[in-house]
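This report concerns only the one structure given below.
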Amino acid sequence: MSSGSVAKPHDEAALTPRLAKLVAGLDDGLRQKLVERGVATCRDLAGLGLDAIELGRSLDIRREQSARFQKIHALATLQAHSHDQERSERRLDVLSEDGQVITNRPRAEVHGKGLWHRVVHVWPLCPGTGRVLLGQRSGGKDTDAHRWTCACCRLAAGESSAEAASQTLASELSLETPQVNLVFTQRERREITRGLFAGQADNAFVDVYLAMVVDEPNLEELRLGRRDKQ
């Protein structure tokens, strides 16, 4: 089973909900041009250029839509800076080589110094069918953009692994299961290749959970966590 069983038009699927909302109402050609330039997020749009007028010309914005595009560019830039600051300042528990909490630091410092921290992956499984429920990651994610995967998150400072697993399952896939079971923990070293923390380290203890779903949900009724998938 898959939460992406209903296909979306290519341009709508490629833009994050924040950016899609901003450009709603503009002609389809502009949205496709943004996609072709690799724009998926407000940060991507802001990064194309600081001069909204010149950027509009390069995208062949119609004169009657120029003023609106300049406003969209300004809002995207403001949202990108605000979101980046929020992500950078979010505090994560820092772990020792054997996984013990020793302190907490802002996320920017955690990645910049390659400090160990904890994340959770939760795989919802229906025993009756043997199928797994997946959600598609936003194109704006720093890692694994657009990929279909389990529910996952980084633990905030002071947050327990089990609680984070249950909460991310509910917020990302709207599933509330009575119990999530820790299957194993592994250490992963990765380099972040795009986005705010590009070129920095993502060193994490990954707690992998299994959540048993007795009855497969109706995919048409699932409410995916749009903010969480950004």
Just to confirm my numbers, what's the Cα centroid distance between the stretch 159-183 and the stretch 65-91 in Å? 31 Å
Want the number for A198 to A157: 0.36 nm per residue separation, take away the alpha-carbon distance, what's left? 12.5 nm
If you bin every alpha carbon distance in the stretch 50-92 into 5 Å steps from zero, what whole percent lands in each bin? 5, 23, 22, 15, 12, 9, 7, 5, 2, 0
Cleavage-rule hits (trypsin sites (Lys or Arg not before Pro)) in the stretch 106-213: DSSP loop, at most 16 neighbouring Cβ within 10 angstrom: R147, R194
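Looking at the square roots a ≥ b ≥ c of the eigenvalues of the Cα gyration tensor of the stretch 54-165, which shape do they give, rounded for a/c under 1.5, prolate if a/b is larger than b/c, or oblate?
oblate
Taking the Cα centre of the stretch 57-211 as the origin, how large is its charge dipole in debye, to the nearest 20, when only Lys and Arg (+1) and Asp and Glu (-1) carry charge on their Cβ atoms?
For this selection, approximately 700 debye.
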7 Å from Cα along Cα→Cβ at both R91 and A24: what's the point-to-point distance in nm? 3.7 nm
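FYI, it's all coordinate maths here, none of it is from the lab. Keep in mind the model is a prediction, meaning the values are calculated, not measured. Neighbour counts are summed over all protein chains in view; Cβ atoms, including those assigned to glycine, are modelled from backbone coordinates with ideal geometry.
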